[in-house]
Amino acid sequence: MLDFLSVIFNEIRSYFVPEKITYEITGECKKCGKCCNYMYSYDTYSEKEFKIMQFLFPAYKRFYIKGKDECGNLIFACKFVTKDGLCSVYNKRLRMCRKYPAKRILYPGKLHEGCGYTVHYKKFDDYMKKK
Ligand code: SF4
Ligand code: SF4
């Protein structure tokens with residue numbers, strides 16, 4: 001439960017606090033739809049936690065539980081992705097969809113295999129060079 005509360009805290013914080021780590025992202029979307037069909041909410045393990053998340057963030061009602069990965073994390077999909085992998089509400093998509101893949105996040109995320117984007121992770125030395 002504590003993990004879940006920290007998820008909610010981080011979710012709210014992401015709207016207000018600029019993260020210090022910025023990743024360089026290159027490439028472009030190939031419109032495969034994988035990121036709308038297979039998504040994770042870090043440390044959300046149960047349907048009950050998912051329902052609380054949807055209650056707190058009503059915009060997430062567009063997502064439904066699709067299954068679980070090998071670690072027990074829930075996998076979600078969006079109701080609005082078409083069979084062709086396109087967004088049927090493109091002009092009204094969520095902020096997180098507009099910003100995907102996020103350049104500023106708390107921990108390194110992983111893109112789907114075959115995604116047209118590449119995240120360039122910075123090493124400690126790269127940060128030191130900027131000083
Ligand atoms: S997984 Fe990558 S290439 Fe596929 S739709 Fe999402 S952003 Fe585009
Ligand atoms: S709103 Fe559109 S872009 Fe966002 S997850 Fe759903 S289908 Fe994908």
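Which members of region 25-50 meet the condition of being of a type in the set (D, E, K, R), more than 13 Å from ligand 1 (Cβ to nearest atom) and surrounded by 13 or more Cβ atoms within 10 Å (Cβ to Cβ)? Result: Asp43, Glu49. Within region 94-121, the set of residues being modelled with pLDDT under 70 and either closer than 19 Å to Lys30 by Cα or of a type outside the set (A, V, I, L, M, F, W, C) (or both) comprises Tyr107, Pro108, Gly109.
Go through region 51-77 residue by residue and tally those that are within 16 Å of Leu111 (Cβ to Cβ) and loosely packed, with under 12 Cβ neighbours inside 10 Å.
So in region 51-77, the residues within 16 Å of Leu111 (Cβ to Cβ) come out as 69, 75.
Then drop every residue that is not loosely packed, with under 12 Cβ neighbours inside 10 Å, which leaves 69.
Residues that pass the stated criteria total 1.
Filter region 23-41 down to residues that are within 13 Å of ligand 2 (Cβ to nearest atom) and in a strand (DSSP E or B) and give me whichever is farthest from Cys71 (Cα to Cα). By that ranking, first place goes to Met39.
The values are calculated or read from the model by the stated rules, or taken from the named source; none is laboratory data. Everything quoted here is computed from the prediction, not taken from an experiment. With ideal geometry, Cβ positions are generated from the backbone for all residues, glycine too; neighbour counts draw on all protein chains shown.
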